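Report on one structure; see the data block that follows.
The values are calculated or read from the model by the stated rules, or taken from the named source; none is laboratory data. Since the structure is predicted, the reported quantities are computational estimates derived from the model, not experimental observations. When we count neighbours, we look across all protein chains shown, and the Cβ atoms used for this are built from the backbone with ideal geometry, even at glycine.
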Amino acid sequence: MTFERAVVTGGAGFLGTHVCAELLRCGSHVVCVDDFRTSDAGNVRGLLDNPRFEMRVADVIEPFDVPGTVDLVLHLACPASPVDYLGMPVDTLRAGAFGTLHALELALRKNARVVVASTSEVYGDPLQHPQRETYWGNVNPIGPRSVYDEAKRFGEALTTAYRRERGVQAGIVRIFNTYGPGMRPDDGRMVPTFLRQALAGEPLTVHGTGDQTRSLCYVDDLVRGLLAMARSTEPGPVNLGNPEEVTVLEVAERVIAATGSRSAIRHVAPMADDPRRRCPDIGLATKRLGWWPEVSLRDGLRAMADRSARPLVD
């Protein structure tokens, strides 16, 4: 199924850029909506020559419209890295509230399918493992990370209300840790931080003991899952992530191996409200969407390391 015209909010971000490129590859017309506050115009420079790509500079916190027909809205716009959401807490909450509202209103006006990107962070520091979509989560509503966690939880509630009350064809995906080429080296997330440090020969900084776990999904797999959700009528929420659970310390060791670095590992203070375990149950995605991840962590880290080691041309 090819979408005639898709709107991707946050389309110039790490994940959004990959989504826009894949939609174009599939033959869709793509309208990218972004204000470049946490992204960069260089991310979409390679797409601008495509006649089916349109860039609209807009802040989704404010009302926005896209003239013409639209049959898919992918709402990805929200500060997603710790550097960004801890640095702009109020606007992160506004993006989860008003940004989601405006994406849903656009889908309502256009009678379009809308997929809203939520996050595994809605589970907080989980008391259930692995995490299934039926789990309500264990979130500190006033902790430093709450601005992101609660923004996404509110976005899920708002999306569900629009589907139930106003008949919007809406779906929710809960995205677990995703990595791949195009991440900002300084965005504060684990993999790009480790990669930047390893390539520079610096110690890799592991917060706490490093025995906390994460489940890392390569971006190409995640994009396939997002578009599978878009092509379905599934309301969700649906977990999208890789169920291979690894410790943070093991990720650091694998990054060193992938880069051939001689970097050491340095333990630093734990982060506030850092989840102890994170692993998705993807049974629903496999059953309803026919989706599962295919790229191994070893291959994904190698691909990201190879791309990151090349000189960047903007």
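Values computed for the structure shown
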read-out	value
Some residue of segment 249-271 being basic (Lys, Arg), assigned to a loop (DSSP other than H, G, I, E, B), surrounded by 15 or more Cβ atoms within 10 Å (Cβ to Cβ) and modelled with pLDDT under 95	no
Residues (in contact (Cβ under 8 Å) with a residue 60 or more places away in the chain and either β-branched (Val, Ile, Thr) or farther than 22 Å from Asp186 by Cβ (or both)) located in segment 39-70	Gly68, Thr69, Val70
Test: residue in segment 222-244 that is of a type in the set (S, T, N, Q), over 16 Å from the mean Cα position of the chain (by Cα), surrounded by 15 or more Cβ atoms within 10 Å (Cβ to Cβ) and assigned to a loop (DSSP other than H, G, I, E, B)	yes
Segment 277-309, residues that are among the β-branched types (Val, Ile, Thr) and either without any contact (Cβ under 8 Å) to a residue 12 or more places away in the chain or surrounded by fewer than 23 Cβ atoms within 10 Å (Cβ to Cβ) (or both)	Thr286, Val295
In segment 78-90, residue surrounded by the most Cβ atoms within 10 Å (Cβ to Cβ) [restricted to those that are out of contact with any Pro (no Cβ under 7 Å at 6 or more places or on another chain) and not β-branched (Val, Ile, Thr)]	Cys78
Residue under evaluation Val313, criteria (1) at pLDDT 95 or above; (2) in a loop (DSSP other than H, G, I, E, B); (3) loosely packed, with under 14 Cβ neighbours inside 10 Å, criterion not met	(1)
Search result, residues across segment 22-42 that are outside any loop (DSSP other than H, G, I, E, B) and either of a type outside the set (Gly, Ala, Ser) or surrounded by 19 or more Cβ atoms within 10 Å (Cβ to Cβ) (or both)	Glu22, Leu23, Leu24, Arg25, His29, Val30, Val31, Cys32, Val33, Asp34
Odd one out for Thr134 among (1) more than 29 Å from Asp299 (Cβ to Cβ); (2) under 21 Å from the mean Cα position of the chain (by Cα); (3) not in a loop (DSSP other than H, G, I, E, B)	(3)
Looking only at segment 262-282, and only at residues there that are of a type outside the set (D, E, K, R) and within 20 Å of the chain's Cα centre (by Cα), the one that is farthest from Glu121 (Cα to Cα)	Ile282
